[in-house]
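J.: Pasting in a structure now, in structure tokens, and then I'll have a few things to ask.
Values in this text are rule-based calculations from the coordinates and carry no lab data. In this text, all values refer to a predicted model and were calculated from it rather than measured experimentally. Every residue, glycine as well, gets a Cβ built from its backbone with ideal geometry; the counts of neighbours run over all protein chains shown.
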Amino acid sequence: MLEMRGRPRIPPELAAVTGTMMRNPERFVHRIESTDQLDHIPIGLCPPDLAIDPASARVWQEFVAEFPWLRESDRKAVELCCIVMVHIRAQWACGHLADTKWFSLMRQLLSLLGGTPSTISKVLPPAKKDDGSDKPKKGSRYLNWGPHAGSA
């Protein structure tokens, strides 16, 4: 049995967003980028086996609309999400609450796809703020330093 040692590797995309790649470029020199051709194709239409059930097709369209970053390589995970969501909604429609294992599985799948507030930052780059925060503020110790300290 193959045993993993240490922590799992940080994906290059996450390292670029968090700045790890800039701080430690030697860690990422020999990394092989994803060669999956499906990573650049949008997820597209619902698969035929899910399209048979209108509820599943509707849930598929909800996922595509709410998570625009999903790609063709995410199809199987989204398909599993649709099955779980349809089961949960069917239980609710019957007046029953689905078992907690279904909710736990749905939470895990949403986290995998970047569908929770804590995992969205792993999928999308942070929004750039152009509020002048990179300029020193009036009370900054760097602005009020040196021979011209009082003139600023």
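J.: Note the full-extension length gain between Arg7 and Arg58 as 0.36 nm times their separation in residues minus their Cα-Cα distance, in nm to one decimal. Don't jump to the answer; show the numbers that get you there.
T.: On the way: separation 51, 0.36 × 51 = 18.36 nm, distance 3.86 nm.
Extra length available between Arg7 and Arg58 comes to 14.5 nm.
J.: Between Glu26 and Ala98, what FRET efficiency comes out of the Förster formula 1/(1 + (r/R0)^6) with R0 = 35 Å and r the beta carbon distance, rounded to 0.05? Please report the intermediate quantities before stating the final value.
T.: Working: r = 48 Å, r/R0 = 1.38.
So the FRET efficiency works out to roughly 0.15.
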